[in-house]
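Here the structure is laid out as structure tokens; the discussion comes afterwards.
Only the coordinates and a few stated rules stand behind these numbers; no lab work does. Fair warning: this is a prediction, and the values are worked out from it, not measured in the lab. All Cβ positions, even for glycine, are placed from backbone atoms using ideal geometry, and neighbour counts span all protein chains on display.
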């Protein structure tokens with residue numbers, strides 16, 4: 001089984017390779033956001049029957065935790081907005097976790113190395 005991060009018994013990853021790792025995780029986090037934004041736009045456009053630009057605005061606002069802009073008038077639109085809001089909360093937490101995983105790992109690895117040196 002291949003490890004995603006180096007084991008605590010291995011040396012700390014060189015800084016250049018660490019930056020490449022952070023970039024890869026950042027790009028994956030952005031991919032999660034883009035896919036989530038696209039799903040929201042499709043739902044708002046097709047279910048709530050609002051324009052593409054308003055769909056973008058609503059999906060962006062929900063995804064960032066700000067709240068909807070347009071009023072949802074149909075039952076289907078209200079259900080979609082509710083489900084998308086719950087989904088967005090999970091995506092936000094997941095994206096933060098993905099982005100900070102290599103940084104947290106490096107910090108913990110450095111602390112472990114410092115503990116072993118003492």
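Residue order for 60, 88, fewest other beta carbons within 10 angstrom first, comes to 60, 88.
Mean-square fluctuations from a GNM of the chain, with a 10 angstrom spring cutoff on Cα atoms, peak among 95, 64, 74 at 74.
A full extension of the chain between residue 82 and residue 20 corresponds to an added length of 18.6 nm, given 0.36 nm per residue minus the alpha carbon distance.
Projected label points at residue 74 and residue 46, each 7 Å from Cα along the beta carbon direction, are separated by 1.2 nanometres. Derived from the Cα gyration tensor, the three semi-axes of the equivalent ellipsoid of the chain are 41, 13, 10 Å, largest first. Calculated FRET efficiency, residue 111 to residue 28, Cβ-Cβ distance, R0 = 25 Å: about 0.50 to the nearest 0.05.
Ordered by the count of other Cβ atoms within 10 Å of each Cβ, fewest first, 24, 106, 16 give 16, 24, 106. Estimated from helices alone, the mean residue ellipticity of the chain at 222 nm is -26500 deg cm²/dmol (sum of -39500 (n - 2.57) over DSSP H runs with n ≥ 4, per residue).
Using only Cα atoms and rounding to the nearest 10 degrees, what angle (0 to 90) does helix 15-46 make with the longest principal axis of the chain? It works out to around 10 degrees.
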